[in-house]
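A short reminder: the numbers here are calculations on the coordinates, not readings from a lab. Remember, it's a predicted structure, so these values are computed and weren't measured experimentally. Here the Cβ positions follow ideal geometry from the backbone for every residue, glycine too, while neighbour counts run over all protein chains shown.
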Amino acid sequence: MGRALRGDDRGAADAGVGCPGRESARRLPSGRDLDRGDRGREDPPRPYRVRAVSMTPTTTATTPQQRRSRSDRDRARRVRLTERDLWILEAVGKMRFLTTSQLARLHFDGSRWASNKRLRRLLDAGLLRVWIRDLAQDNVYSLAPRGARLLRDDRGDTAEESWVTPRGLDGNLDHLLAINQVRIELALSVPSVKGEIAWWRSDWELRAQGRERVIPDALFRIQWQELGEQTFALEVDNRTNSSRSFLRKILGYSAALQSRGLYGMSDFLILVVGRDSQWLERYRLRLVAVRLRPRIWFTTLAAVGQHGAGGSIWKPIDGDANSSLRDLVFFPYGKEGRAGETPTTTGR
């Protein structure tokens, strides 16, 4: 099981679903103030093996064996927080795990230097945890109990269920990070094509409401200017390499569309994002072979990163012409969505 290190770290992180500018700073409450009330809700640890890494003073100045003095810790906890810091904490809380690169992309225009500098302060303040998988890989960040309490105080008690503080890395970490990458690119690129994400439900939020015929990796809705709304079910394939498993899940979607819908949504499009372009093509051809024509579109994770999730990267089951996310609304099946529908889930 990987260890979460507090304090100094060779990289720092940032993330969120909004990119505010430089707002006025606020001072973090004292440790006594933050220690009052319930601790952030914790998930049970899930099995995930992480190779042990030997840390040297040039890599990490603070390790569990090298405790800082009380005065150093007190100075760290007196960090002045900005609105962007709160956006970072909120994003990590909503997405559970984010890498240094993802945080830099979302909040610092891709600048790792700027993100490292700010995230180091949030680590020193005890608001974030950092997980080191391998020196060759990005560090992974999650919300610490202190950060969860701060968000509950700032955002209100109604958001309590959103702020989870994992005690271990997710058992399907690479898959979760890929989903979060798509979510980040959607948040950054959709506004450029006159849209915005109205709401987003991750798979753990959907599971909390009971099992459906099929559970998407995420269910979300985009509000388009002049076009109304459209709901999407997201599937991210992280080297599953199984045409049979993929076909079984698509059959579940087709049955849901023909019956009562999915989590109260009866009109949605399916977006499939794959890491391996060859396997993605196999999935597409498999659907053609069985003459299955669900409302489904394909693209690769590399294309999402290069052109943005809103770009002309989405490929239909039959045909080679790519379309933008906004263009999908104009196809024959593409109703504008039902404004009265909201997913039968809780959360933000």
Within segment 209-236, the residues whose backbone N lies under 13 Å from a label point placed 7 Å from the Cα of Leu292 along the Cα-to-Cβ direction are 214
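Cα-Cα pairs above 20 Å in segment 208-268: how many percent?
Details: 608 of 1830 pairs.
More than 20 Å apart: 33 percent of the Cα pairs in segment 208-268.
In what order do Ser142, Ser101 fall by count of nearby beta-carbon atoms within 10 Å, going from fewest to most? Provide the component values of the computation, followed by the final result.
On the way: Ser142 25, Ser101 19.
Going from least to most buried by this count: Ser101, Ser142.
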The equivalent-ellipsoid semi-axes of segment 89-168, taken as the square roots of five times the Cα gyration tensor eigenvalues and listed largest first in whole Å, are 22, 14, 11
Taking Rh as the Kirkwood radius computed over alpha-carbon pairs of segment 174-330 and applying Stokes-Einstein at 10 °C with viscosity 1.306 mPa s, one gets a diffusion coefficient in µm² s⁻¹ of 101 µm²/s
All alpha-carbon distances of segment 257-302, grouped into 5 Å bins from 0, give the whole-percent distribution 5, 19, 23, 20, 17, 13, 3
Expressed in nanometres to one decimal, the distance between label points 7 Å along Cα→Cβ at Ser242 and Asp134 is 2.4 nm
Taking only the alpha-carbon positions of segment 76-116 as identical scatterers, the Debye log10 I(q)/I(0) at q = 0.21, 0.29, 0.32, 0.35 Å⁻¹ comes out as -0.69, -1.06, -1.12, -1.14
Taking every alpha carbon pair in segment 179-245 and sorting the distances into 5 angstrom bins from 0 up to the bin holding the longest one, the percent per bin comes out as 3, 15, 23, 22, 17, 12, 7, 1
Label model pair Leu285, Leu188: point-to-point distance (7 angstrom along the Cα→beta-carbon line) in nm is 3.3 nm
